[in-house]
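Contents: one structure, followed by commentary.
The values are calculated or read from the model by the stated rules, or taken from the named source; none is laboratory data. None of these values were measured; they are calculated from a predicted model. Counting neighbours? That spans all protein chains shown, and the Cβs are built from the backbone with ideal geometry, glycine included. Just the protein is used for accessible areas: all its heavy atoms, side chains included, with ligands, DNA and RNA removed. Shrake-Rupley method; radii C 1.70, N 1.55, O 1.52, S 1.80 Å.
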Amino acid sequence: MTVLAFVLTMVLVLWACVLLAFAGPLAARWREPVLRQPVLIIESDDWGAGPLAQAVALSRLAALLQRVRDCSGRPAVMTLGVVLEVPDGKRIAATGYTSYHALSLADARFATVRAAMQDGIQAGVFVPQLHGQCHYWPPALQATLQTNNRVRDWLTASEPTTTEDLPSPLQTRWVDASSLPSRALAPDAIQQAATAEAASYQSFFGSAPQVAVATTFIWNDTVEAAWAQAGVGVIITPGRRSTCRNAAGQPSCVDATMLTGERSLAGQIYLVRDVYFEPALGHVPQRLVDGLIARSRQGRACLVETHRFNFLQARDASLAALEAGLNAALATCPNVRFFSPLELARTIQTRDPAWVEVRLIPRLAVWRTRLDEIPRFRRVAQLSGLALPLAWLERPA
Ligand SMILES: [Zn+2]
């Protein structure tokens, strides 16, 4: 064997070792479906039971979304992560703070909010999905009430409250964060609450929830199993699952990471939402465009997260930023299409060839763009020289 052949063999062995060492994440990104054209989904959480000012904000949003159309003529779609109750402050105060009472979205005082949601749904611009019966775990609030005046005032307010004003750990529904680190809830309690919230959602919208997004992105296998039994087939994730709040109150105990199209233990399809567009926090319209371009290069749908608070705290500026972002996205990617999460999940599930790439060369090129996100892989690929053949994959065909 010549020296050259020996060196080449050693390099190939080294590359094989690198590929083997990262086989799991590399294979996962190969299995992840590749979309053939840009897809944009605007996701907005926290709507429903709460301040009555939502009605105007929702009407303005619906009008805005109808003005923006993709190349098929479809208006922009925004999901509404729906919350179905807030505390009934007057009743809680009247009972001496000894028991929790809820004010349901079905209550007469929310008529204008309900009407604005339904109008947008009928116009095809709003798509509801389950965020939670409430944006907290009621027993955790009750436990905190005795020691925390801020929570006590919030819980007993005479007007429907904004859950955004609660301390962040208490906004989590599926753990008891009354003290930190949070404690897990009993599986039976989760099962019962998830079943009840799905029934509540069904009584309000006329059909069981098919898509769910956990409040503050903290949930676990028990929640997923209960949701699955209730009809939820799609779970929105940030790409990882936190299952607790740590001592500092931060989401923690990550027990799973996921890519779009992967399945939960209970069989649901995960979607990844990881572009954050909160105009009230200073995010500019270009951020939405940049997110769409980056996800499209990766053959992924762009799921944009924008919360209700933007449209309550800085309504006009946030509406203007969203419209500018959507129009800029259309100008930059004229073939972008507006989808709902359920439509995306079905497209992926059926591997619809009109939307999902099956040709080897384009799939390899997209796969390459996904590899830099794997921790340490980029560095190892550069050091070993594997980056050179991988870069070749990205060459235009
Ligand atoms: Zn939320």
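Here the extension length gained between Ala123 and Ala314 equals 66.3 nm, from 0.36 nm per residue of separation less the Cα-Cα distance.
A full extension of the chain between Arg240 and Ala93 corresponds to an added length of 49.0 nm, given 0.36 nm per residue minus the alpha carbon distance. The modelled label-to-label distance for the pair Leu14/Ala115, using points 7 Å beyond Cα in the direction of Cβ, is 7.1 nm.
What is the local net charge at Gly291, summed over the other residues whose Cβ is closer than 15 Å to its Cβ (Lys, Arg +1; Asp, Glu -1)?
-1
Note on Val56 and Leu281: with the Förster distance fixed at 25 Å, the Cβ-Cβ geometry gives a FRET efficiency of about 0.70.
Share of pairwise Cα-Cα distances greater than 15 Å in region 228-314 is 68 percent (whole percent).
Based on the convex hull around the alpha carbon atoms, region 305-397 presents an average projected area of 9.2 nm². Spread over its residues, the convex hull of the C-alpha atoms of region 53-176 is 108 Å³ per residue.
Taking the Cα centre of each part, how many Å lie between region 14-65 and region 272-340? First find each Cα centre; the distance between them is then 11 Å. Put simply, the convex hull of the Cα atoms in the chain casts, on average, a shadow of 21.7 nm². Would you mind counting up the charge near Gly325? Only other residues with Cβ under 12 Å from its Cβ, with Lys and Arg at +1 and Asp and Glu at -1. Spelling it out: positives minus negatives among the neighbours equals -2. Across region 281-356, C-alpha contacts under 8 Å between residues 6 or more apart give a mean separation that, scaled by the residue count, equals a relative contact order of 35 percent.
Projecting label points 7 angstrom from Cα along Cα→Cβ for Ala324 and Ala199 puts them 4.8 nm apart. One decimal place: the segment Arg183-Leu393 gains 70.9 nm when fully extended, by the rule 0.36 nm per residue minus the C-alpha distance.
Over region 344-397, the hull volume per residue, using the convex hull of the C-alpha atoms, is 91 Å³.
Given 25 °C and 0.890 mPa s, compute D for region 145-258 with the Stokes-Einstein relation, Rh being the Kirkwood radius over Cα pairs; round to the nearest whole µm²/s.
The Stokes-Einstein estimate is 161 µm²/s.
Short-range pairs are left out: with C-alpha atoms under 8 Å and at least six residues apart, the relative contact order of the chain is 22 percent. Just so you know, the averaged projected area of the alpha carbon convex hull for region 250-386 sits at 11.4 nm². Where both residues lie in region 162-279, what percent of DSSP beta bridges are antiparallel, nearest 5? Of all bridge pairs located within region 162-279, approximately 50 percent are antiparallel. Over every Cα atom in region 1-103, the radius of gyration and the widest Cα-Cα span, Dmax, amount to 28.2, 90 Å. Taking 4.7 Å between beta carbons as the limit, the unpaired Cys residues of the chain are Cys17, Cys71, Cys134, Cys302, Cys333. On the basis of the beta-carbon distance and an R0 of 45 Å, Ser252 and Ser72 show a calculated FRET efficiency of 0.60. For region 85-161 versus region 344-373, the spacing of their alpha-carbon centroids is 41 Å. Between Asp290 and Leu383, the C-beta separation translates, for a Förster distance of 45 Å, into a calculated FRET efficiency of about 0.95.
What net charge is computed for the residues neighbouring Phe338, neighbours being all others with C-beta under 9 Å from the C-beta of Phe338, Lys and Arg scored +1, Asp and Glu -1?
That sum, taken over residues with Cβ under 9 Å, equals +2.
Within the full protein context, the accessible area of Thr222 is estimated at about 40 Å² for a probe radius of 1.4 Å. With one equal scatterer per alpha carbon and no solvent term, the Debye-computed log10 I(q)/I(0) for region 52-99 at 0.18 1/Å reads -0.71.
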